[in-house]
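This report refers to the structure that appears directly beneath it.
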Amino acid sequence: MTAVSTPHVVVIGAGLSGLSAAARLRQSGVDVTIIETASAAGGLVRTETIGGHRFDTGATVLTMPGLLVDVLDAVGVTEDQARERLSLTPVDPGYVMNYADGTSLTIPHDAAAIPAAVADAFGPKSGSDVADLLTWLRRVYDAEFEVFIDRNFDGFSDLADGRTRKAAAELVRLRTLGGLTGAIARFVSDERLQRAFTFQALYAGVPPHRARAIYAIIPDMDIGRGVWAAPGGMGRVGEVLASALVDAGVRISYGTTATGFTRDSAGSIVAVDTTHGPIAADAVVSTLERDAVARLTGEGRARRRLTYSPSAVVAHGLVPVDVTARWRSGHHTLDFGTAWTQTFAEITGRRGRVMSDGSFLVTRGAVGDPGTFVVDGLESVSVLAPTPNLDSAELPWDVLAAPYVNEVLSTLAHRGYSGIDSMRILRIDHPRTWQRAGLPAGTPFSAAHTAAQTGPFRTRNVWPTIDNLVLAGSATVPGVGIPPVLISGGLAASRVVDMLSTGGDR
Ligand SMILES: Cc1cc2nc3c(=O)[nH]c(=O)nc-3n(C[C@H](O)[C@H](O)[C@H](O)COP(=O)(O)OP(=O)(O)OC[C@H]3O[C@@H](n4cnc5c(N)ncnc54)[C@H](O)[C@@H]3O)c2cc1C
């Protein structure tokens with residue numbers, strides 16, 4: 001790699017990880033170009049117009065907004081300006097949870113109000129138990145976040161420093177080395193409440209009964225710290241970040257696809273080949289899945305075989321507002337079937353199958369933002385049904401998706417969402433959709449956070465065979481979802497900055 005006065009880094013992908021990496025690189029005085037296949041930033045955090053109606057077609061549950069403020073801060077946007085530009089609104093209640101026995105639990109945005117809401121639904125003892133649980137969740141977060149999540153690891157020797165040992169000791173004290181369900185059950189005995197604080201393991205691609213208690217950090221992030229919404233839809237997040245990056249001098253080349261790398265005799269990348277010609281680079285941050293990166297490097301496919309998260313079928317459609325008004329639901333409604341462990345066995349098993357007694361997520365952005373999500377009395381409604389990925393069940397989703405969605409909607413209609421079975425479906429995304437978008441195993445949720453694919457064991461953010469190629473995004477550390485990928489961008493940038501300052505050694 002040649003030493004240059006102002007190094008130029010190419011970031012592949014303008015999803016949230018790429019935007020986060022680019023902001024941190026720019027902050028370090030590096031020239032940055034982002035190349036993005038699509039015509040807009042945000043990647044899987046997006047709002048699309050389908051049949052004249054707006055839908056959040058990727059992520060909907062936005063947590064840890066401070067991480068977005070941090071990205072903006074890196075490109076000179078003050079905290080006040082950042083909050084104003086993002087204009088995020090608290091989603092209150094953060095979740096509505098409907099159970100098969102007819103109980104309904106609303107989770108207020110403000111954690112201080114949660115025990116009372118739980119007491120209303122499940123009695124005073126449950127309320128005080130949940131107060132204790134929330135305190136424990138926060139302690140897990142405090143012990144874990146900076147030391148084990150927002151940090152690059154190079155080997156087990158990194159785990160030996162004093163700060164890490166202290167945090168590890170705290171996690172042992174908090175009894176996080178056992179299972180998640182058992183840990184939550186120490187606080188709440190009601191199985192319905194246990195679901196409320198363990199379903200989040202699925203966000204990490206693992207069944208709650210197999211997840212380690214260290215994943216208690218996720219319910220702290222959403223239930224403990226509250227869920228947020230972006231006015232106009234989730235696509236606003238990428239727009240705001242991209243616009244601030246451009247103001248700070250980052251170039252974003254939309255409609256440009258990376259097709260390969262040009263390398264020098266030492267094997268370092270000197271240019272990213274794209275559909276619009278080569279772009280010279282001193283280092284590259286790729287936010288793509290590993291196999292896609294391996295194709296760009298000419299290596300074919302990544303060496304290590306991974307276990308991928310379950311996938312999902314997501315139906316986007318329209319329901320009249322006078323019909324949705326009758327539902328017991330909020331912006332994010334979880335509708336649980338009677339089955340639980342079996343449901344996860346079905347969607348995460350080696351031989352997966354569709355849920356026989358499903359649990360679903362019903363999303364109604366209109367609850368807080370009717371101006372965006374209601375047109376002519378018709379409300380945009382999205383229904384997400386977790387499914388096995390294509391590695392565990394190679395189902396013919398192109399023909400199966402529509403009848404499966406009809407079945408899901410009919411189940412929901414029987415569970416109290418009267419009229420949902422008449423939803424005018426505008427689009428269904430399913431595992432084959434994600435597969436066609438290049439996502440391995442047909443899942444948008446990347447490699448599962450199994451014990452062997454988490455923390456120091458997750459795919460590292462340095463590419464093993466190329467000294468100036470670094471990874472960000474859900475395929476690498478720390479993992480899947482908006483908060484982790486924002487963090488991954490910062491971790492990737494710090495790798496690149498170290499690499500540039502040491503002339504390529506790492
Ligand atoms: C239906 C759904 C629901 C979800 N729900 C949630 C949720 O509620 N909460 C949550 O936190 N997370 C959720 N997620 C996960 C979250 O959206 C992702 O983990 C995160 O957005 C991934 O960000 P990323 O930057 O790693 O990748 P991406 O967003 O996938 O960005 C990668 C970018 O690279 C571009 N690209 C691909 N190939 C090339 C190429 N060759 N050249 C140039 N550009 C290229 C793509 O167009 C894309 O813009 C959900 C995802 C989906 C799909």
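The values are calculated or read from the model by the stated rules, or taken from the named source; none is laboratory data. Quick caveat: nothing in here was measured; it's all calculated off a predicted structure. Heads up, the Cβs are rebuilt from the backbone with ideal geometry, glycines too, and the neighbour counts pull from every protein chain shown. Note: areas computed on protein heavy atoms with side chains; ligands, DNA, RNA excluded. Shrake-Rupley method; radii C 1.70, N 1.55, O 1.52, S 1.80 Å.
Observations on the model:
- Surface analysis of region 114-224 yields an accessible area of 42 Å² per residue, using protein heavy atoms and a 1.4 Å probe.
- Measuring nothing but how far apart in sequence close Cα pairs (under 8 Å, 6+ apart) lie, relative to its length, region 309-442 scores a relative contact order of 37 percent.
- With bins 20 Å wide beginning at 0, the percent of Cα pairs of the chain falling in each bin runs 23, 58, 19, 0.
- Among the trypsin sites (Lys or Arg not before Pro) in region 291-335, those located in a DSSP loop and surrounded by at most 16 other Cβ atoms within 10 Å of their own Cβ are R301, R303, R304, R305, R326, R328.
- Based on alpha-carbon atoms, the Kirkwood radius and the radius of gyration of region 114-224 give Rg/Rh equal to 1.02.
- Volume in Å³ per residue [convex hull over Cα atoms, computed for region 1-147]: 187
- Between region 95-145 and region 427-468, the alpha-carbon center distance in angstrom: 32
- Degrees between helix 397-414 axis and first principal axis of the chain (Cα, 0 to 90, nearest 10): 40
- The C-alpha atoms of the chain define a longest principal axis, and helix 235-247 lies at about 20 degrees to it.
- Fraction of accessible area attributable to carbon and sulfur, the chain (%, probe 1.4 Å): 53
- Whole-Å distance, taken between Cα centres, linking region 1-67 and region 316-333: 32
- When you restrict to C-alpha pairs under 8 Å that are six or more residues apart and normalise by the size of the chain, the relative contact order lands at 22 percent.
- Degrees, to the nearest 10: 16-27 long Cα axis against longest axis of the chain: 40
- Whole-number D in µm² s⁻¹ for region 57-97, Kirkwood Cα-pair radius fed into Stokes-Einstein, 10 °C, 1.306 mPa s: 138
- Of E407, E144, the order by accessible heavy-atom surface (1.4 Å probe, DNA, RNA and ligands excluded), from most exposed downward, is E407, E144.
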